[in-house]
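Contents: one structure, followed by commentary.
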Amino acid sequence: MRHMKIRTVAWRVGLVGSILLLAAGCNQNRNKELGAGLESKDHHALYDRSSLNNENSTLGVKPKWENSQPGPKADNPGAFQQLDMTNYHLTKTFRFAPELSNNIEQLPGIDKATILITEANAYVAVVLDGHNVDAEAHPEMMANPVTPKGGVGLFGTNKGIGSINWGDPGGLSHSMASRIKGQLLAMEPRLQRVFVSANPNYVQRIRFYAKEFQNGVDLSTYMNEFNTLTQRVFPNDSNTRR
């Protein structure tokens, strides 16, 4: 009888553990949908499909992805043509879209919005009412610049993997994310996908790019880092590596 009780307790413990793991997995997937990356930092590398991510500080600035590709260079940011159907985030051009950002900022609950357009996608960084990303984001988000002459960027500091929280949804709800996506697709139907995140670190890094652009920096120097950043925040289940 005693052994039966032990087995029953063990079975119940195992069942509870399985339920908790399932719930954690569901929450993690829900956060992925909200542009909040993976809760487990150990899983980041599994979803990082970029081999040009500057995560080794001894390598210096890695060559731009577009420089290694055959054929003509892309000179039309926002050309609405997917580069790789197995890796939605692979891009070699991006531009800011203030006309779209201003529209999204009119939505209730949205304080600020910054939108980047790539070959086929829109990436939306939103600050919700009541949030202060300057206080909520890691200070490294506004540091670690990349220049044509040097600098390994955010991920070369080895902080992009272990110390930065990419799992915080920043208060973004599924309903708000869906509303933003729907409005952007209505304004620009040629877009193939819209990715929205209020993760404070993601928002702050996008704001850093905007600050660099305003200072006259060629944003193409950040292309490799941006490809890695989007994979961190919006994990792609593809098996492709570039």
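What list of ³J(HN,Hα) couplings, whole Hz, do you get for region 88-97 from phi and the Karplus terms 6.51, -1.76, 1.60, once you set θ to phi - 60° and write x for glycine and proline?
Result, ordered by residue: 4, 8, 5, 8, 10, 8, 8, 9, 7, 10 Hz.
What figure, in Å² to the nearest 10, do you get for the accessible area of H138 with a 1.4 Å probe and non-protein molecules left out?
Per-residue accessible area (H138): approximately 60 Å².
Scattering from the C-alpha atoms of region 103-222 alone, worked out with Debye: what is log10 I(q)/I(0) at q = 0.10, 0.15, 0.17, 0.19 1/Å?
-0.32, -0.73, -0.92, -1.10
Give K32/K112; K92/K112; K112/K211; K112/K149; K149/K211 a once-over and call out the pairs whose C-alpha atoms are over 23 Å from each other.
Values: K32/K112 21 Å; K92/K112 26 Å; K112/K211 15 Å; K112/K149 33 Å; K149/K211 19 Å.
Violating the 23 Å Cα-Cα cut-off are K92/K112; K112/K149.
The values are calculated or read from the model by the stated rules, or taken from the named source; none is laboratory data. Note that the structure is predicted; figures quoted are calculated from it, not measured. For accessibility, only protein heavy atoms count, side chains too; no ligands or nucleic acids. Shrake-Rupley method; radii C 1.70, N 1.55, O 1.52, S 1.80 Å.
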